[in-house]
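FYI, it's all coordinate maths here, none of it is from the lab. Computed from a predicted structure; not experimentally measured. Every residue, glycine as well, gets a Cβ built from its backbone with ideal geometry; the counts of neighbours run over all protein chains shown.
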Amino acid sequence: MHRHAPPAPPSRRPEATAQVMEATGLDGPMIERLVHGFYGKVRVDDLLGPVFAARIRDWGPHLEKMVAFWHSVALMTGTYEGAPMPAHVTLPVGWEHYQRWLALFRETAEETCPPGGAAHVIERSERIARSLFMATEDFRRMQDAAPLLRAAN
Ligand code: HEM
């Protein structure tokens with residue numbers, strides 16, 4: 001399945017990337033296995049599967065984007081330039097969805113990466129999940145407040 005994997009995107013910070021790879025045991029093909037393995041679990045998960053199925057028609061481009069994202073986050077390559085917040089604040093999810101997401105990510109990371117590499121990506125996934133969820137809560141509070149603010153004018 002990974003025999004024809006595209007070449008890893010080049011790093012814009014080659015020294016930092018080399019250092020992280022050395023310290024964690026992570027590399028491009030491992031990130032690709034992590035992302036593909038993880039979304040394979042997500043797609044068949046009873047809680048998360050339907051949320052993704054409602055938004056993603058074509059998994060090819062999504063997986064490519066997520067590989068670039070994890071390259072950037074885990075290996076400091078600067079290869080992802082998207083904006084994750086807007087994609088998440090309107091999702092019909094609560095903290096329990098994020099907990100499931102994190103549990104599946106942790107499980108896949110531990111299966112796919114050496115312990116130091118798994119710890120590296122798990123720590124980042126937890127930090128990003130918290131910030132996405134806090135942004136979602138802020139967004140909901142703003143929406144609740146909007147009619148009141150309009151009425152006051
Ligand atoms: C309950 C948990 C989550 C759900 C249900 C979820 C769902 C989704 C969906 C449906 C999309 C596609 C949006 C679209 O293209 O319309 C997406 C995009 C994305 N997600 Fe998540 N996500 C979750 C958690 C996370 C976490 C924890 C991370 C990072 C650690 C993450 C990173 C991303 C990124 C980078 C994109 C691509 C954004 C872009 O550039 O378009 N997601 N997510």
### Yes/no for residue 89 being within 22 Å of residue 32 (Cβ to Cβ), buried (at least 16 other Cβ atoms within 10 Å of the Cβ) and either within 15 Å of the chain's Cα centre (by Cα) or not charged (D, E, K, R) (or both)
no
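Among the residues of segment 128-148, count how many are within 30 Å of residue 20 (Cβ to Cβ) and surrounded by 11 or more Cβ atoms within 10 Å (Cβ to Cβ).
Matching residues across segment 128-148 total 8.
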### Task
Considering only residues that are more than 11 Å from the ligand (Cβ to nearest atom) and among the hydrophobic types (A, V, I, L, M, F, W, C), look in segment 104-134 and name the one that is farthest from residue 53 (Cα to Cα).
119
### Task
Run down 135, 146, 83 and say which single residue is in contact (Cβ under 8 Å) with a residue 12 or more places away in the chain and of a type outside the set (S, T, N, Q).
135
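State all residues of segment 103-121 that are of a type outside the set (D, E, K, R) and surrounded by fewer than 17 Cβ atoms within 10 Å (Cβ to Cβ); if no residue qualifies, say none. Break it down into steps so the answer makes sense when it comes.
Narrowing segment 103-121 to residues of a type outside the set (D, E, K, R): 103-105, 108-109, 112-121.
Result: 103, 114, 115, 116, 119.
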### Query
Can you pull out the residues in segment 56-73 that are in contact with a helix residue (DSSP H, G or I) (Cβ under 8 Å, 6 or more places away or on another chain) and within 10 Å of the ligand (Cβ to nearest atom)?
56, 62, 66, 69, 70, 73
